[in-house]
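First up is the structure itself, then whatever we jot down about it.
The values are calculated or read from the model by the stated rules, or taken from the named source; none is laboratory data. Every value quoted in this text rests on a predicted model; they were computed, and no experiment measured them. Cβ atoms come from the backbone with ideal geometry, glycine included; neighbour counts cover every protein chain shown. What goes into the accessible areas is simple: the full protein's heavy atoms, side chains included, and nothing from ligands, DNA or RNA. Shrake-Rupley method; radii C 1.70, N 1.55, O 1.52, S 1.80 Å.
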Amino acid sequence: MTHAGFRAIYPGSFDPVTLGHLDLLRRAAALVDQLTVAVLRNTEKTPLFDAEERREMLADVVAEAGLDNVEVTAFDGLLVEFARRRGARVIIRGLRAAGDFEYELQMAHMNRRLDPGLETVFLTPDESVQSISSRLVREIARLGGDIGALVPPAVVPRVIARLGRGTGGA
Ligand code: PNS
């Protein structure tokens, strides 16, 4: 029998991908045979970057990091169904701090109801990136702050171009 290997799925909005996501991605990729990063296409809120742009940025970051067991895809609809189609048995989510916990627990339990065979595994990122979120990256960039230590180098110019600001501007 051929064995496809152990596949996990790391879903998110990634609007944009941050150094926190990259840290988690590296940890997850080291644990499994194949990791599928799944970019949510239809969010309830209007994203700064459309799904294809978010997928492209992630693919660049993954290639730059040399993670050759990671694929980047966009998805619609229920995560559990996408995971099933991809043959993933585990969902990876990051837990930065207590504030993430309630939402993550609710989602993990709901996903378990939808597909009891799929496990959610939580990983914690390095302390040095614990305070980073995509929302704060967007806010800081919009207000002209420096995001150089918050997102991978390839992402900095794309965020600045989208928000029409330089760093440190008035
Ligand atoms: O990065 P985010 O925004 O915290 O990621 C949230 C995401 C994409 C994991 C979640 O919204 C999701 O799985 N959406 C797909 C639709 C779905 O399955 N909803 C039910 C979740 S219990």
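Tabulated results
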item: Accessible area in the full protein assembly, largest first, 1.4 Å probe, for 15, 146; result: 146, 15
item: √(5λ) per eigenvalue of the Cα gyration tensor, the range 83-170, largest first, Å; result: 33, 15, 11
item: Stokes-Einstein translational diffusion, the range 1-86 - Kirkwood Rh over all Cα pairs, 0.692 mPa s, 37 °C, in µm²/s; result: 248
item: J(HN,Hα) series, the range 78-90, from Karplus relation 6.51 cos²θ - 1.76 cosθ + 1.60, nearest Hz, glycine and proline x; result: 6, 4, 4, 6, 5, 4, 4, 4, 7, x, 8, 10, 9
item: Backbone HN-Hα couplings from phi across the range 68-75 [Karplus 6.51/-1.76/1.60, Hz, Gly and Pro as x]; result: 8, 9, 10, 10, 10, 9, 9, 9
item: Accessible surface of the chain [probe 1.4 Å, protein heavy atoms]: carbon and sulfur percent; result: 51
item: Per residue value of the accessible surface for the range 3-121 (all protein chains in place, 1.4 Å probe), Å²; result: 52
item: Cut-off under 5 Å, modelled amide H: who pairs with residue 87 long-range; result: none
item: Extent along principal axes [Cα atoms of the range 7-163; Å; largest to smallest]; result: 45, 33, 30
item: Among 12, 99, 145: highest mean-square fluctuation, GNM of the chain, C-alpha pairs under 10 Å; result: 99
item: Farthest toward positive dipole pole in the chain [+1 Lys/Arg, -1 Asp/Glu at C-beta], among 140, 82, 49; result: 82
